[in-house]
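The values are calculated or read from the model by the stated rules, or taken from the named source; none is laboratory data. Please read all numbers here as calculations on a predicted model, not as lab measurements. Cβ placement follows ideal geometry from the backbone for every residue including glycine, while neighbour counts extend to all protein chains displayed.
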Amino acid sequence: MDAASSSLALSNIKLHGSTNTLNSDKRISSLCSLPKSGVAFSCKSSGNLQVHDRSTGLVVSCSSSNGHRDVIQGLHLSGPIEKKSRLGQACCSVGTFTVGEFAIESQSQAVDDKVGVLLLNLGGPETLDDVQPFLYNLFADPDIIRLPRLFRFLQEPLAKLISTYRAPKSKEGYASIGGGSPLRKITDEQAQALKMALEEKNMSANVYVGMRYWYPFTEEAIQQIKRDGITRLVVLPLYPQYSISTTGSSIRVLQKMFREDAYLSSLPVSIIKSWYQREGYIRSMADLIQAELKNFSNPQEVMIFFSAHGVPVSYVENAGDPYKDEMEECIYLIMQELKARGIGNEHTLAYQSRVGPVQWLKPYTDEVLVELGQKGIKSLLAVPVSFVSEHIETLEEIDMEYKHLALESGIENWGRVPALNCNSTFISDLADAVIEALPSAMALSPHTSSTDADDRDPLRYAIKLLFGSVLAFILLLSPKAFMAFRNNFL
Ligand SMILES: C=CC1=C(C)c2cc3[nH]c(cc4nc(cc5[nH]c(cc1n2)c(C)c5CCC(=O)O)C(CCC(=O)O)=C4C)c(C)c3C=C
Ligand SMILES: [Fe+2]
């Protein structure tokens, strides 16, 4: 943005109130002369107000003497600030807010600012023929099968083997939910709903979907973002809690792409790592639980059973994955919200969907269901909590396998909370999360040219692949390794 458009964005901000301490004209004229890298001014009322135009946007912040800062609509505000309506953001917002005795109106619209929101998700096979290649992509991810560095060359042959052997069982699962994953359709609908929610909050943005293991791949979304000339990007993983295996894996892909591309490496980006603690998300989860409890004849006797997708214990204990802590805090917050509504049901948390010959987070959903049935629990409400759309593990694993197991174990009344999908409170809260994240967007990393020498040398790559296949084959010929593999992956 040049000085002229900078002044255009900022001249739309009107400062009202006593001007003996805040002279808007003076500051706006001084802004125009600042270089295109950014503009800023400050004033003294009872706090220190700063307005920054970092070439593509506006940040208004006010730090008071006690140093306390609040975030309202992405603007860091504190002290004597009282929100009146939508706060101004240079990109597109219109609104009014007061700073002590001053009122500031923003009708700013930086015409050359193009905001993008990238929704990250897992992706799922759309047909039964997609299942094996989808599984290959998943198991080839070093954040899913974490091999010691020395054995990394085994990653691809192992992924080939595991995906081939697991595919028949997975296909049965996908066949039972209609022949494919609903993830793409639901994520596209969420993207559309988010775009509309942002528009209602006066922010115009393109919303993109980037999947980790199936179409549309994250790489495709990034190419589209480049073609569209996006100037600021908010990355929003559709996982409320952070795990190395989900959000971490997708961010790793982005970081690699951003490092290797000149345009991307200078694009201001803001990544929302996890958002399970957001009020709107907690409220929307509590709404779903409250509504579903009403379907039971004795709602207060129902055990609320949170079922989260598991991760291997080593992720948490050795690699420092915050997933378990975030999950437990999330459940605590949902239960607090329910308690505030007078709902004091018993609850429990267990982990589902384990894969592979390692220990996963405990307790396991299937084991707890049997124990609860044996203890005499008669009514149970299952709440899937690690994911915000319906998918194979809600539609098949919970609705079919676990329901069957629970009823067999003595539970008589079974219910399941639907996934949030396009729930309006939830989507509106995601829109707020995007607006709040935008002002902190900054370039991710310096541009470096291509990294891994092996990736550029086809001969070294072929040798690595061949050597890895032979080793994987030998490993699998050992009867013990074979039995562990067969029992856990197939
Ligand atoms: C927060 C959610 C998820 C975590 C954490 C997670 C970790 C994780 N998953 C696997 C292996 C598989 N996951 C599969 C499907 C799948 N996983 C998630 C979410 C999380 N995974 C979702 C939403 C889905 C379903 C996608 C869909 O098609 O609807 C599968 C494939 C299905 C199957 O064969 O069971 C596998 C395999 C591991 C190993 C892991 C952590 C290391
Ligand atoms: Fe998974």
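Total residues in segment 367-424 satisfying the condition of being away from ligand 1 (no atom under 16 Å from the Cβ) and among the polar types (S, T, N, Q): the figure is 6.
Hey, any hits in segment 343-358 for a residue that's closer than 19 Å to Lys324 by Cα and among the basic types (Lys, Arg)? Checked segment 343-358: at least one residue is closer than 19 Å to Lys324 by Cα and among the basic types (Lys, Arg). Tell me, yes or no, whether segment 306-317 has at least one residue that is farther than 22 Å from Trp414 by Cα, of a type in the set (Asp, Glu) and within 18 Å of the chain's Cα centre (by Cα). Among the residues of segment 306-317, not one is farther than 22 Å from Trp414 by Cα, of a type in the set (Asp, Glu) and within 18 Å of the chain's Cα centre (by Cα), which makes the answer no. Checking each residue in segment 192-219 for being crowded, with 20+ Cβ neighbours inside 10 Å and assigned to a helix (DSSP H, G or I) picks out Ala193, Leu194, Ala197, Leu198, Thr218. All conditions in (1) of a type in the set (D, E, K, R); (2) in contact (Cβ under 8 Å) with a residue 24 or more places away in the chain; (3) more than 13 Å from ligand 2 (Cβ to nearest atom) hold for Lys375, with the sole exception of (2).
Scanning segment 105-149 for residues that are farther than 22 Å from Leu254 by Cα and either at pLDDT below 95 or among the charged types (D, E, K, R) (or both) yields Glu105, Ser106, Gln107, Ser108, Gln109, Ala110, Val111, Asp112, Glu126, Asp129, Asp130, Pro148.
Condition first: surrounded by fewer than 20 Cβ atoms within 10 Å (Cβ to Cβ), in contact with a Gly (Cβ under 9 Å, 6 or more places away or on another chain) and more than 17 Å from Tyr174 (Cβ to Cβ). Now tell me which residues in segment 371-405 satisfy that. Scanning segment 371-405 gives Gly373, Gln374, Lys375, Gly376, Lys378, Ser379, Leu405. In segment 228-266, what residues are under 15 Å from Gly116 (Cα atoms) and within 16 Å of ligand 1 (Cβ to nearest atom)? Listed by number, the residues that qualify are Leu236, Pro237.
The residues of segment 336-347 that are buried (at least 17 other Cβ atoms within 10 Å of the Cβ) and touching a strand residue (DSSP E or B) at 6+ places or on another chain (Cβ under 7 Å), listed by number, are Asn345, His347.
Scanning segment 162-179 for residues that are within 16 Å of ligand 2 (Cβ to nearest atom) and not in a helix (DSSP H, G or I) gives a single hit, Ile177.
Which one is farthest from ligand 1 (Cβ to nearest atom), of the residues in segment 111-161 that are in a strand (DSSP E or B) and under 13 Å from Tyr213 (Cβ atoms)? So that I can check it myself, show each step before the final result.
Keep residues of segment 111-161 that are in a strand (DSSP E or B), which gives 115-121.
Keeping just the survivors that are under 13 Å from Tyr213 (Cβ atoms) gives 120-121.
Details: Leu120: 12, Asn121: 8 Å.
Here the answer is Leu120.
For segment 315-329, taking the residues that are of a type outside the set (A, V, I, L, M, F, W, C), assigned to a helix (DSSP H, G or I) and within 16 Å of ligand 2 (Cβ to nearest atom), the one that is surrounded by the most Cβ atoms within 10 Å (Cβ to Cβ) is identified as Tyr323. Checked against the criterion of being surrounded by 18 or more Cβ atoms within 10 Å (Cβ to Cβ), in a loop (DSSP other than H, G, I, E, B), touching a Pro at 6+ places or on another chain (Cβ under 6 Å) and among the hydroxyl-bearing types (Ser, Thr, Tyr), segment 275-289 has at least one qualifying residue. Among residues of segment 181-204 that are acidic (Asp, Glu), those with a Cβ under 7 angstrom from a residue that is not in a helix (DSSP H, G or I), sequence gap 6+ or separate chain, pair up as Asp188/Val209; Glu189/Cys422.
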